[in-house]
Amino acid sequence: MSDDAESVAAAIARLALGRGVTVAAAESLTGGAVSAALAKAPDAGRWYAGSVTAYLSETKFRVLGVPRGPVVTPECAAAMAAGARELIGADIAIALTGVGGPGDEEGRPPGTVFIATSEADRGDVREFRFDGPPDEVVEQAVDAALGLVLEHLRGR
(Lines give C-alpha, C1' and ligand atoms only; values in the text may rest on other atoms or scores of the structure.)
Protein backbone atom coordinates (compact mmCIF):
# COMPACT_ATOMS: atom_id res chain seq x y z
CA MET A 1 0.00 0.00 0.00
CA SER A 2 1.38 3.39 -0.96
CA ASP A 3 2.00 6.08 1.66
CA ASP A 4 -0.73 8.16 0.03
CA ALA A 5 -3.25 5.30 0.27
CA GLU A 6 -2.26 4.80 3.90
CA SER A 7 -2.85 8.46 4.73
CA VAL A 8 -6.20 8.49 2.89
CA ALA A 9 -7.28 5.35 4.77
CA ALA A 10 -6.30 7.05 8.05
CA ALA A 11 -8.40 10.09 7.10
CA ILE A 12 -11.32 7.75 6.32
CA ALA A 13 -10.91 6.20 9.76
CA ARG A 14 -11.00 9.59 11.50
CA LEU A 15 -14.11 10.71 9.62
CA ALA A 16 -15.96 7.41 10.00
CA LEU A 17 -15.27 7.36 13.73
CA GLY A 18 -16.17 11.01 14.09
CA ARG A 19 -19.49 10.53 12.32
CA GLY A 20 -20.24 7.16 13.89
CA VAL A 21 -20.62 5.34 10.57
CA THR A 22 -19.45 1.98 9.29
CA VAL A 23 -17.87 1.32 5.90
CA ALA A 24 -17.95 -1.81 3.73
CA ALA A 25 -16.47 -2.78 0.37
CA ALA A 26 -17.28 -4.98 -2.62
CA GLU A 27 -14.44 -5.72 -4.99
CA SER A 28 -13.83 -7.47 -8.23
CA LEU A 29 -10.70 -6.51 -10.16
CA THR A 30 -8.89 -5.29 -7.02
CA GLY A 31 -9.28 -8.70 -5.38
CA GLY A 32 -9.47 -7.43 -1.79
CA ALA A 33 -6.82 -4.69 -1.98
CA VAL A 34 -9.28 -1.97 -0.93
CA SER A 35 -10.36 -4.11 2.01
CA ALA A 36 -6.74 -4.63 3.03
CA ALA A 37 -6.09 -0.89 2.93
CA LEU A 38 -9.16 -0.12 5.03
CA ALA A 39 -8.44 -2.91 7.52
CA LYS A 40 -4.94 -1.51 8.13
CA ALA A 41 -6.29 1.94 9.03
CA PRO A 42 -6.46 3.09 12.67
CA ASP A 43 -9.24 1.60 14.81
CA ALA A 44 -10.61 -0.35 11.83
CA GLY A 45 -12.34 -2.72 14.23
CA ARG A 46 -14.64 0.11 15.25
CA TRP A 47 -15.75 1.39 11.82
CA TYR A 48 -14.74 -1.05 9.04
CA ALA A 49 -17.59 -3.56 8.69
CA GLY A 50 -16.00 -5.88 6.11
CA SER A 51 -16.03 -6.77 2.45
CA VAL A 52 -17.04 -9.16 -0.30
CA THR A 53 -14.53 -10.05 -3.00
CA ALA A 54 -16.73 -11.11 -5.90
CA TYR A 55 -14.28 -11.86 -8.68
CA LEU A 56 -16.46 -14.23 -10.70
CA SER A 57 -19.57 -12.78 -12.35
CA GLU A 58 -21.65 -15.55 -10.80
CA THR A 59 -20.56 -14.43 -7.33
CA LYS A 60 -21.67 -10.89 -8.10
CA PHE A 61 -25.08 -12.21 -9.17
CA ARG A 62 -25.57 -14.70 -6.34
CA VAL A 63 -24.06 -12.91 -3.36
CA LEU A 64 -24.45 -9.21 -4.13
CA GLY A 65 -27.69 -9.28 -6.09
CA VAL A 66 -26.21 -7.83 -9.27
CA PRO A 67 -28.64 -8.30 -12.18
CA ARG A 68 -27.44 -10.86 -14.71
CA GLY A 69 -25.68 -9.34 -17.66
CA PRO A 70 -22.43 -7.50 -18.31
CA VAL A 71 -20.41 -6.77 -15.19
CA VAL A 72 -18.06 -4.05 -16.42
CA THR A 73 -20.77 -1.39 -16.21
CA PRO A 74 -21.77 1.47 -13.94
CA GLU A 75 -24.97 -0.42 -13.13
CA CYS A 76 -22.98 -3.39 -11.87
CA ALA A 77 -20.78 -1.18 -9.68
CA ALA A 78 -23.85 0.50 -8.18
CA ALA A 79 -25.55 -2.85 -7.53
CA MET A 80 -22.37 -4.24 -5.94
CA ALA A 81 -22.11 -1.26 -3.58
CA ALA A 82 -25.78 -1.43 -2.60
CA GLY A 83 -25.59 -5.21 -2.22
CA ALA A 84 -22.51 -5.04 0.02
CA ARG A 85 -24.00 -2.28 2.15
CA GLU A 86 -27.15 -4.29 2.72
CA LEU A 87 -25.49 -7.70 3.11
CA ILE A 88 -22.87 -6.48 5.57
CA GLY A 89 -25.11 -3.96 7.29
CA ALA A 90 -22.82 -0.96 6.83
CA ASP A 91 -23.77 2.68 6.53
CA ILE A 92 -21.58 3.30 3.47
CA ALA A 93 -20.13 0.93 0.86
CA ILE A 94 -17.63 1.26 -1.95
CA ALA A 95 -17.54 -1.12 -4.92
CA LEU A 96 -15.23 -1.62 -7.88
CA THR A 97 -15.59 -3.53 -11.13
CA GLY A 98 -13.52 -3.24 -14.27
CA VAL A 99 -10.85 -4.53 -16.59
CA GLY A 100 -7.38 -4.88 -15.18
CA GLY A 101 -5.97 -6.20 -18.43
CA PRO A 102 -4.06 -7.18 -20.33
CA GLY A 103 -6.92 -7.66 -22.83
CA ASP A 104 -10.39 -6.26 -23.37
CA GLU A 105 -13.42 -7.63 -21.49
CA GLU A 106 -17.02 -7.14 -22.52
CA GLY A 107 -15.85 -4.72 -25.20
CA ARG A 108 -14.14 -2.50 -22.61
CA PRO A 109 -10.42 -1.75 -22.88
CA PRO A 110 -7.93 -2.54 -20.12
CA GLY A 111 -7.91 0.13 -17.44
CA THR A 112 -11.67 0.74 -17.55
CA VAL A 113 -12.91 0.81 -13.96
CA PHE A 114 -16.28 1.71 -12.46
CA ILE A 115 -16.32 2.70 -8.79
CA ALA A 116 -19.55 3.24 -6.86
CA THR A 117 -20.43 4.48 -3.40
CA SER A 118 -23.71 3.62 -1.70
CA GLU A 119 -25.49 5.00 1.31
CA ALA A 120 -29.17 4.60 2.23
CA ASP A 121 -30.06 8.01 0.81
CA ARG A 122 -27.47 8.51 -1.93
CA GLY A 123 -25.00 6.91 -4.23
CA ASP A 124 -22.57 7.76 -6.98
CA VAL A 125 -20.79 5.90 -9.79
CA ARG A 126 -17.72 7.12 -11.60
CA GLU A 127 -15.84 5.78 -14.59
CA PHE A 128 -12.06 5.80 -14.70
CA ARG A 129 -9.48 4.98 -17.38
CA PHE A 130 -6.18 3.89 -15.89
CA ASP A 131 -2.97 3.16 -17.80
CA GLY A 132 -0.36 0.48 -17.30
CA PRO A 133 -0.12 -3.25 -16.70
CA PRO A 134 -2.72 -4.99 -14.53
CA ASP A 135 -0.89 -4.45 -11.22
CA GLU A 136 -0.65 -0.70 -11.87
CA VAL A 137 -4.32 -0.54 -12.87
CA VAL A 138 -5.24 -2.23 -9.59
CA GLU A 139 -3.08 0.17 -7.57
CA GLN A 140 -4.63 3.19 -9.29
CA ALA A 141 -8.12 1.76 -8.76
CA VAL A 142 -7.45 1.27 -5.03
CA ASP A 143 -6.23 4.86 -4.72
CA ALA A 144 -9.29 6.15 -6.58
CA ALA A 145 -11.68 4.07 -4.46
CA LEU A 146 -10.16 5.28 -1.20
CA GLY A 147 -10.36 8.84 -2.49
CA LEU A 148 -14.06 8.39 -3.27
CA VAL A 149 -14.81 7.00 0.18
CA LEU A 150 -13.07 10.01 1.71
CA GLU A 151 -14.95 12.38 -0.60
CA HIS A 152 -18.23 10.67 0.29
CA LEU A 153 -17.55 10.97 4.02
CA ARG A 154 -16.65 14.64 3.68
CA GLY A 155 -19.92 15.23 1.85
CA ARG A 156 -22.09 13.94 4.72
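Let me spell it out: the conditions are (1) assigned to a strand (DSSP E or B); (2) modelled with pLDDT of 95 or more, and Leu150 meets all of them except one. Which number is the exception?
Condition (1) is where Leu150 drops out.
Taking the range 120-141 only, how many residues are modelled with pLDDT of 95 or more, in a loop (DSSP other than H, G, I, E, B) and not aromatic (Phe, Trp, Tyr)?
3
One residue is enough: does the range 5-16 have a residue meeting the conditions open to solvent by less than 40 Å² (accessible area, probe 1.4 Å) and either of a type in the set (Lys, Arg) or assigned to a loop (DSSP other than H, G, I, E, B) (or both)?
Within the range 5-16 (the criterion being open to solvent by less than 40 Å² (accessible area, probe 1.4 Å) and either of a type in the set (Lys, Arg) or assigned to a loop (DSSP other than H, G, I, E, B) (or both)), the answer is no, since none of the residues qualifies.
Any chance the range 118-133 includes a residue that's within 13 Å of Leu29 (Cβ to Cβ) and of a type in the set (Val, Ile, Thr)?
Among the residues of the range 118-133, not one is within 13 Å of Leu29 (Cβ to Cβ) and of a type in the set (Val, Ile, Thr), which makes the answer no.
Which numbered condition trips up Arg122, out of (1) among the charged types (D, E, K, R); (2) closer than 21 Å to Lys60 by Cβ; (3) without any contact (Cβ under 8 Å) to a residue 60 or more places away in the chain?
(2)
Which ones in the range 22-47 are without any contact (Cβ under 8 Å) to a residue 40 or more places away in the chain and more than 13 Å from the chain's Cα centre (by Cα)?
Ala39, Lys40, Ala41, Pro42, Asp43, Ala44, Gly45, Arg46, Trp47
Against the definition (more than 20 Å from Ala10 (Cα to Cα) and open to solvent by less than 50 Å² (accessible area, probe 1.4 Å)), how does Gly147 come out, yes or no?
no
Only one of (1) out of contact with any Lys or Arg (no Cβ under 7 Å at 6 or more places or on another chain); (2) closer than 23 Å to Gly50 by Cα fails for Met80. Which number is that?
Met80 satisfies all of (1) out of contact with any Lys or Arg (no Cβ under 7 Å at 6 or more places or on another chain); (2) closer than 23 Å to Gly50 by Cα except (1).
The values are calculated or read from the model by the stated rules, or taken from the named source; none is laboratory data. Since the structure is predicted, the reported quantities are computational estimates derived from the model, not experimental observations. Note: ideal-geometry Cβ built from the backbone for every residue, glycine included; neighbour counts use all protein chains shown. These accessible areas exclude ligands, DNA and RNA; they are computed on the full protein's heavy atoms, side chains included. Shrake-Rupley method; radii C 1.70, N 1.55, O 1.52, S 1.80 Å.
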